[in-house]
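In what follows, a structure is listed as structure tokens, so that the remarks can point back to it.
Nothing in this text is a laboratory measurement; each read-out follows from the coordinates by a stated rule. Since we're looking at a predicted model, the values are computed, not measured. Cβ placement follows ideal geometry from the backbone for every residue including glycine, while neighbour counts extend to all protein chains displayed.
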Amino acid sequence: MHSIRIQLLAFIMAVLLIFLVILNIYPITSSRDLIFEEKRSALSGQAAVVASSLAGLDRLSPDSVREVLQLLDLGGTSRTVIAADDGSVVYDDAAAGTPIDEGDILSSLKGKCVFRSRFTAEAFSSSYAMPILSRGATVGAVYLCEEDAERAAIISDIQSRLLRFSAAIGAVALLFAALFSTVLLRRMRELVRSIRIVAGGDYTHRLETRGRDEITELGDEFNQLTARLEDTEKQRRRFVSDASHELKTPLASIRLLSDSIVQSENMDGGTMREFAADIGHEAERLQRTTEKLLDLSRLDDDVQVIDEPVDIKQTAVDALAVLRPLAAEKDVKIRCELGDGCVVMANTDDMFHIVFNLMENAVKYNVPGGSVLVRTELEDEKVVLSVTDTGIGIPEEDRLNVFNRFYRVDKARSRASGGSGLGLSIVHDAVLAHGGSIAVGQNKPQGSVFIVSFPRPTSEETGI
Ligand SMILES: Nc1ncnc2c1ncn2[C@@H]1O[C@H](COP(=O)(O)OP(=O)(O)O)[C@@H](O)[C@H]1O
Ligand SMILES: [Mg+2]
């Protein structure tokens with residue numbers, strides 16, 4: 001459960017460690033190298049002075065060497081050794097003390113200059129061996145030693161300061177990291193807590209977000225998701241209560257009618273048949289409503305039915321055939337202007353629902369002597385179907401709602417004509433399921449117009 005915190009701390013510690021190691025090593029090694037370089041040039045300069053002064057002597061004897069060296073000021077050196085060409089020491093100003101390296105002296109007798117420098121906690125110990133050349137021949141060697149405790153002390157001091165400084169930085173950084181990860185973790189926990197609350201069913205819960213970082217963004221997304229869930233849940237409840245209400249009314253009528261038949265002992269045959277016919281009507285309405293609910297739930301299920309090319313012209317002709325009797329009864333004329341090639345990718349059943357429901361409404365909510373115009377046409381990248389009527393129209397404030405389930409503008413009138421208030425929501429869902437869009441407007445001077453448009457399929461899709 002704390003793994004993020006551990007990961008974070010481990011990462012910060014690794015970065016910190018690398019930084020501190022570099023901080024401790026780099027300045028020390030580079031200043032040490034600088035001092036080595038300085039020692040080399042100082043000692044080689046001094047050795048060169050000694051060598052050239054001794055080069056003038058005929059022979060390197062202890063006395064002559066001492067005489068010459070006394071004239072020179074070899075301030076920094078802690079030991080000066082002069083060797084003759086056979087390797088014998090002719091001069092050594094501090095026989096004890098700083099150790100000398102005889103190998104270096106021998107090397108310089110062969111004509112080489114040898115520099116050594118070592119840094120210990122106490123001192124920089126450096127030595128330089130150089131041949132003494134006279135007229136092109138090696139006549140001896142100079143060997144200079146130097147101990148520099150002062151510089152070593154400075155470097156050691158810097159070293160220990162850096163170490164203390166690093167410890168301080170490390171402690172502060174860790175403290176901050178711990179603090180930061182605690183805050184971060186607390187915010188994550190809040191989020192997790194909120195998710196649990198919502199998962200438990202409280203869709204009204206919202207996470208309080210502050211700041212503008214990724215966690216805030218996560219929180220905002222979560223809140224939006226919860227709001228959508230809340231909305232869906234509300235819709236679901238409303239749907240269930242609307243649906244039960246819709247089913248309750250016809251069932252109550254059926255109960256009432258059948259009770260009357262059962263209870264009245266000497267009901268005449270005609271009345272009884274009338275009642276039975278009414279029961280039949282209510283049952284039919286129930287059947288229609290449940291069928292539509294099934295259609296809706298099928299559309300909701302989002303099952304991927306394979307789309308096929310459907311010609312709206314054919315669909316409209318089929319719907320017209322079914323609606324003719326109703327239109328005749330209502331004294332409504334249906335005109336069709338069906339363009340060729342109005343093909344969309346959908347399925348025949350859904351397309352029939354769309355066209356039939358729109359045409360049925362246009363007839364049902366019309367006036368005697370009124371008319372309906374069904375048009376299909378191609379428009380740029382769209383296939384457009386419009387159903388225009390000269391009927392009673394839909395008040396502007398209801399236009400947004402007519403696609404909602406069970407919504408009816410005039411309940412009584414719709415019920416009387418056998419409406420369930422589900423037709424347009426089926427149309428709406430079917431249109432959206434096939435990538436189209438639907439809008440409703442007002443027809444001049446009276447009536448409504450429903451416009452449905454679908455994307456025009458490519459010839460690859462239709463295979464034509
Ligand atoms: N062409 C139309 N003209 C006037 N009102 C309409 C038209 N189409 C739909 N309506 C209104 O929209 C409501 C919803 O339509 P619909 O979903 O088909 O339900 P139903 O027809 O079963 O009542 C109808 O009850 C009606 O009030
Ligand atoms: Mg309808």
Obtain the nm distance between the two label points defined at Glu284 and Ser88 by a simple spin-label model: each point lies 7 Å from its Cα along the Cα-to-C-beta direction.
14.5
Going by amide H atoms built from the backbone, whose H comes under 5 Å of the H on Ser134, apart from near neighbours?
Val139
What's the FRET efficiency of Ser244 with Ser459 using the Cβ-Cβ distance as r and R₀ = 41 Å, to the nearest 0.05?
0.25
With a Förster radius of 56 Å, plug the Cβ-Cβ distance of Arg237 and Leu16 into 1/(1 + (r/R0)^6) and report the FRET value to the nearest 0.05.
0.50
Take Thr138, project a point 7 Å from its Cα along the Cβ direction, then tell me which residues of the stretch 72-95 have their backbone nitrogen under 14 Å from it.
83-88
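Suppose the chain between Glu396 and Ala48 were pulled fully straight at 0.36 nm per residue; how much longer would it get relative to their current alpha carbon spacing? Show your work: numbers first, answer last.
On the way: separation 348, 0.36 × 348 = 125.28 nm, distance 10.93 nm.
Full-extension gain reported as 114.4 nm.
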Stretched fully, the stretch from Arg118 through Asp380 gains (0.36 nm per residue minus C-alpha distance, one decimal, in nm) 85.5 nm
Mean Kyte hydropathy of 0.5 or more with a Cα span along the axis of at least 30 Å, helices from DSSP in the chain:
3-55, 149-199
Go from 0 up to the bin containing the longest alpha carbon distance in the chain, width 10 Å each, and give me the % of pairs per bin.
4, 13, 13, 10, 8, 7, 6, 5, 5, 6, 7, 7, 5, 3, 1, 0, 0
Report, by chain and number, residues whose modeled amide H sits under 5 Å from the one on Tyr91, excluding near sequence neighbours (fewer than 5 apart, same chain).
Ile82
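Ranked from highest to lowest mean number of other Cβ atoms within 10 Å per residue, what is the order of the peptides 48-61, 380-393? Display every interim value, and only then the final one.
Details: 48-61: 15.9, 380-393: 19.3.
Packing proxy ranking, top to bottom: 380-393, 48-61.
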For the pair Ile158 and Ala178, the simple spin-label estimate (label points 7 Å beyond Cα toward Cβ) gives in nm 3.3
What FRET efficiency, computed as 1/(1 + (r/R0)^6) with R0 = 60 Å and r the Cβ-Cβ distance, is obtained for Ala171 and Ala227, rounded to the nearest 0.05?
0.85
Violating pairs (Cα-Cα greater than 20 angstrom) within the set Lys248/Lys292; Lys313/Lys444; Lys292/Lys411:
Lys313/Lys444
